[in-house]
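To start, the structure itself, in structure tokens.
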Amino acid sequence: MESGPYETLIDRDIWAFIDRTSDWYPPDTTSLPIEKQREIYNAMCRAFRSAYPVGVRALDTVIQAAGHSLPVRHYQVEGKAAAAAIVYYHGGGFALGGLDSHDDICAELCAGTGYDVMSVDYRLAPEHVHPAAFDDACTIFDWVAATLDLPIVLCGESAGGNLAAAVAHARRSHRRAAVGQVLIYPDLGGDIAGPSYRAHEQAPMLTLRDVLFYRAVRAGGQADDPTVAPLGDSDFSNLPPTIIVTAQCDPLSSDGAVYCDRIVAAGGRAWWREEPGLVHSFVRARHSAKRAGESFAWIAAAVAALGKGAWPY
């Protein structure tokens, strides 16, 4: 356990989660070659993986994108007709992760909402720099819109939250535009002079150095292009109802506040919820830490409400 402000902000269960994560994914992992980072990250994800809820099944498929194949995993509750579809974008700094890294999270979102979930294995940097991940994120949205006759809720965490928001901006005029988006501790390309970036530069689980590393790997750190950084857009009108959930002890938390304010100022509906005492990636602690579990249940309820066309605030 660290000393300083985090000693009082973070409870015992979250510290246990931080320590367990560090055993698998040490804080200096970003200094390693990208393939080694992926090896470590994938092992960490396997260590935290939970079994599927009863009744959830998943089917892997491949859709054809421009010049390449795009793996997709489709989750459903057996014997139940879904009322909406979730397009889910995984985290991992645009360089790590895939269908397996967030597999159990998607399965639990499926069970918790009763909705179909579509998870996409978008191309990763540095082999595929921007706009590869963004293009793949749009491709899966377009495919779901054309294939499933269901309302679509966009959802993602960290880097995946960035992609969900970027798709919401890019497809706001689509005839099947998303009915909502839920962004979980997203990196929206915010100003590193923002309050959380300063206050939590050395936060457990994600430091400012880590944020800058992954931004540079993906796109050279540029922040003025809304397909890279949704906060770089000049137009926040006509976006779907938006819920942003951030962690207090996370440099990215300010992004949620700013994004919410800009949507509301443009006449839209948005709600920002900062979780006290939680850290980046807290969704993985949902079965071991009460605060994280309560937040994940709240996230699933928010997704479910948006899929029904309801606004809970």
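The values are calculated or read from the model by the stated rules, or taken from the named source; none is laboratory data. The structure displayed is predicted, hence computed values, not measured ones. In this analysis, Cβ positions are derived from the backbone assuming ideal geometry, glycine residues included, and neighbour counts consider all displayed protein chains. Accessible surface is based on the protein model in full, side chains and every heavy atom, while ligands, DNA and RNA are left aside. Shrake-Rupley method; radii C 1.70, N 1.55, O 1.52, S 1.80 Å.
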Count of residues meeting criterion [open to solvent by less than 30 Å² (accessible area, probe 1.4 Å), over 25 Å from Glu108 (Cβ atoms) and of a type in the set (Lys, Arg)] in region 261-286: 0
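Residue by residue, here is whether (1) of a type outside the set (Asp, Glu); (2) open to solvent by less than 20 Å² (accessible area, probe 1.4 Å); (3) within 19 Å of the chain's Cα centre (by Cα) holds:
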site: Arg171; (1), (2), (3): yes, no, yes
site: Arg175; (1), (2), (3): yes, no, no
site: Gly180; (1), (2), (3): yes, yes, yes
site: Leu183; (1), (2), (3): yes, yes, yes
site: Gly190; (1), (2), (3): yes, yes, yes
site: Gly194; (1), (2), (3): yes, yes, no
site: Tyr197; (1), (2), (3): yes, yes, yes
site: Thr207; (1), (2), (3): yes, no, yes
Residue that is nearest to the chain's Cα centre (by Cα) [pool: residues in region 89-119 that are aromatic (Phe, Trp, Tyr) and more than 14 Å from His74 (Cβ to Cβ)]: Tyr89
Verdict on Phe296 being in contact with a helix residue (DSSP H, G or I) (Cβ under 9 Å, 6 or more places away or on another chain), open to solvent by 10 Å² or more (accessible area, probe 1.4 Å), touching a residue at least 60 places away in the same chain (Cβ under 8 Å) and under 23 Å from Ile86 (Cα atoms): yes
Wholly within region 1-112, helices (runs of 4 or more DSSP H) carrying at least 2 residues that are within 28 Å of Asp135 (Cα to Cα): 34-48
Some residue of region 261-273 being in a loop (DSSP other than H, G, I, E, B) and within 25 Å of Phe213 (Cα to Cα): no
Qualifying helices (runs of 4 or more DSSP H) (wholly inside region 158-227; at least 2 residues being more than 28 Å from Met118 (Cβ to Cβ) and touching a residue at least 60 places away in the same chain (Cβ under 8 Å)): 208-219
Pick from region 223-234, criterion in contact with a helix residue (DSSP H, G or I) (Cβ under 8 Å, 6 or more places away or on another chain) and not aliphatic (A, V, I, L, M), ranking: surrounded by the most Cβ atoms within 10 Å (Cβ to Cβ): Pro230
Complete set of residues in region 35-48 that are surrounded by 18 or more Cβ atoms within 10 Å (Cβ to Cβ) and of a type in the set (A, V, I, L, M): Met44
Residue check for Ile184: of a type in the set (A, V, I, L, M, F, W, C), in contact with a helix residue (DSSP H, G or I) (Cβ under 7 Å, 6 or more places away or on another chain), closer than 21 Å to Asp103 by Cβ and at pLDDT 95 or above: yes
Test: residue in region 248-260 that is modelled with pLDDT of 95 or more, among the hydroxyl-bearing types (Ser, Thr, Tyr), touching a Phe, Trp or Tyr at 6+ places or on another chain (Cβ under 9 Å) and surrounded by fewer than 16 Cβ atoms within 10 Å (Cβ to Cβ): no
Residue tally, condition closer than 19 Å to Leu231 by Cα and either without any contact (Cβ under 8 Å) to a residue 60 or more places away in the chain or surrounded by fewer than 23 Cβ atoms within 10 Å (Cβ to Cβ) (or both), over region 135-157: 3
All positions within region 49-90 that are among the hydroxyl-bearing types (Ser, Thr, Tyr), surrounded by 13 or more Cβ atoms within 10 Å (Cβ to Cβ) and out of contact with any Gly (no Cβ under 8 Å at 6 or more places or on another chain): Ser50, Tyr52, Tyr75
